[in-house]
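The values are calculated or read from the model by the stated rules, or taken from the named source; none is laboratory data. Here the structure is a predicted model, which means the values were calculated and not measured. Cβ placement follows ideal geometry from the backbone for every residue including glycine, while neighbour counts extend to all protein chains displayed.
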Amino acid sequence: MVHLALAFLFAVTGNSNAPLTYEEAFAKADKEKKPLLILVGARWCASCQVMKRDTIEPMKESGELKDVVVTLIDKDERPELAQQLMKGETLPQVILFSRSGDGWKRLSLTGMQSKPRMVELLGRARVIPTRTLR
């Protein structure tokens, strides 16, 4: 009975752990002036699933991504958006946008990435001078 009540409560109030859509994540990153980390992948992409499970999720759980807004884009579900964000066709792709006074800067990694490479990417976002991106 308790499980049923909790399931109903989550259905009515929404799950605060539910992933943000790209639009929600972008708005949150813009409002809170936080970097936006996007993982573009696909359900059929084994490397994408491994990276999500073994790199992104543990980093979120450990708090390493607490100052970053994270969203996942499925290339097959949002092909137009994926095409705008991606450079090339290789999956997965990690795209990091960070904002400063004069615009957004874009950094990206292509292919399966380890936690140390992700930490390096986050560090680079803090030290590279910003240029306006389109």
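Can you find a residue that is closer than 16 Å to MET112 by Cα and at pLDDT 95 or above anywhere in region 14-31? Taking every residue of region 14-31 in turn, none turns out to be closer than 16 Å to MET112 by Cα and at pLDDT 95 or above. Checking each residue in region 33-84 for being acidic (Asp, Glu) and within 23 Å of GLY123 (Cα to Cα) picks out ASP54, GLU57, GLU61, GLU64, ASP67.
Against the test of being touching a strand residue (DSSP E or B) at 6+ places or on another chain (Cβ under 8 Å) and part of a helix (DSSP H, G or I), the options LEU96, LEU121, LEU72, LEU109 yield a single qualifying residue, LEU121. Look at region 97-116: where a residue is farther than 22 Å from ALA25 by Cα and a partner is assigned to a loop (DSSP other than H, G, I, E, B), sitting 6+ places away or on another chain with Cβ atoms under 9 Å, you get GLY111/THR90; GLY111/LEU91; GLY111/PRO92; MET112/PRO92.
Give me the residue from region 28-78 that is of a type in the set (Ser, Thr, Tyr), over 22 Å from LYS105 (Cα atoms) and out of contact with any Gly (no Cβ under 9 Å at 6 or more places or on another chain) and, out of that set, surrounded by the fewest Cβ atoms within 10 Å (Cβ to Cβ). This residue is SER62.
Being free of Cβ contacts under 8 Å to residues at least 60 places away in the same chain and touching a Phe, Trp or Tyr at 6+ places or on another chain (Cβ under 9 Å): is that true of LEU65 here?
no
Which one of GLN83, GLN49, GLN93 is modelled with pLDDT of 95 or more and touching a helix residue (DSSP H, G or I) at 6+ places or on another chain (Cβ under 9 Å)? Result of the check over GLN83, GLN49, GLN93: GLN93.
Of everything in region 22-62 that is touching a Ser or Thr at 6+ places or on another chain (Cβ under 7 Å) and either of a type in the set (Val, Ile, Thr) or free of Cβ contacts under 8 Å to residues at least 24 places away in the same chain (or both), the residue that is nearest to GLY103 (Cα to Cα) is ILE38.
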